[in-house]
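Everything below concerns the one structure shown next.
The values are calculated or read from the model by the stated rules, or taken from the named source; none is laboratory data. Since we're looking at a predicted model, the values are computed, not measured. Using ideal geometry, Cβ is built from the backbone for each residue, glycine included, and neighbour counts are taken over all protein chains shown.
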């Protein structure tokens, strides 16, 4: 019997919404439909602004949550048109797994918060999304893990194990979204999966590219490829304490922001913009290469997903740094690079509906397995 779920993802790259309709009934996940919608520049700018404290931000955040729900609903509508062509109705969809838009991620215990607990905040009005789509919504998928002492991220390693695990060989999966996160999948299905955020993925490169070229991203990494890495600047960037922290760990724009970069660039004002871009590409690749070398050195393959999988320069740099490992896009495994995270949140919705844990405590550091998310009935 089919098990239809929709997954919706808008990540730290802030480029828009990706959605998939999947059938999770069999041993092998099937993507039946996919759709995406870009954020208009003004809304993207508002989301970026909400990453830092500002005027009237609670009101603005609430309105942004409504707008996110409306964007999500439009992607769901596009998926349902494709579903109808397959004979699948709205009533056949069991639930939507909706990530929301992260604007704060502070999972560490902080003395200034109640009881020293951390928090993570994804903007979304899930009640409105349920109202607009007439489908149950599973949302706020990270908070329970944080409440249990975990990082709340990454949540995708359990899903990566389901779709990319190989009983014959260790596999590694690198998601290159706004932030880069690695999943290490042992061949032994009983062995624990490892996963953590390596550092910035596309976020800093995209911000620098937009500032200096007016383009939202560096297509194929061509701009970075025509520059030269500045070793002294790279050393300063890599001196950030996050990189030397052991897992479990997670990060986001709270740390790796454009302001962080501007502070690090002091004294390097004479550097050409394309050389800074080349250095930022190395900043993305270097921690990923080090992480694979340290935690997945026996991996037969590095499967890359997220928007960074389309950055030819990044992919070449990763392969050069990992000569004993095949580096290729998740497309080679039948799941397109831009659909992996959305599919993961469809799977997390299924886990919540079935009252099954969605986290891996060995990955996030939570006190144990937890059922993730709240369910908002249609």
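Brief remarks follow.
- Some residue of region 159-171 being in contact with a strand residue (DSSP E or B) (Cβ under 6 Å, 6 or more places away or on another chain) and closer than 17 Å to residue 252 by Cβ: no
- Qualifying residue in region 244-261 (condition: farther than 23 Å from residue 364 by Cβ, in the same structural domain as residue 181 (by TED's automatic domain parsing) and over 22 Å from the mean Cα position of the chain (by Cα)): no
- Residue check, residue 360 modelled with pLDDT of 95 or more, surrounded by fewer than 15 Cβ atoms within 10 Å (Cβ to Cβ) and in contact with a helix residue (DSSP H, G or I) (Cβ under 6 Å, 6 or more places away or on another chain): no
- Leading residue by the ranking (nearest to the chain's Cα centre (by Cα)) among those in region 33-64 that are closer than 18 Å to residue 98 by Cβ and part of a helix (DSSP H, G or I): 47
- Residues in region 318-356 that are outside any loop (DSSP other than H, G, I, E, B) and under 22 Å from residue 297 (Cβ atoms): 318, 319, 320, 321, 326, 327, 328, 329, 330, 332, 333.
Conditions tested, residue by residue: (1) buried (at least 21 other Cβ atoms within 10 Å of the Cβ); (2) in contact with a helix residue (DSSP H, G or I) (Cβ under 7 Å, 6 or more places away or on another chain); (3) over 17 Å from residue 344 (Cβ atoms).
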residue	(1), (2), (3)
40	no, no, yes
43	no, yes, yes
54	no, no, yes
78	no, no, yes
83	no, no, yes
100	yes, yes, no
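- Boolean, residue 265 is under 21 Å from residue 176 (Cα atoms), modelled with pLDDT of 95 or more and out of contact with any strand residue (DSSP E or B) (no Cβ under 7 Å at 6 or more places or on another chain): no
- Test: residue in region 60-67 that is closer than 26 Å to residue 158 by Cα and not assigned by TED's automatic domain parsing to the domain that holds residue 253: no
- The set of residues from region 83-126 being under 20 Å from the mean Cα position of the chain (by Cα), modelled with pLDDT under 95 and not in a strand (DSSP E or B) comprises 107, 108, 118.
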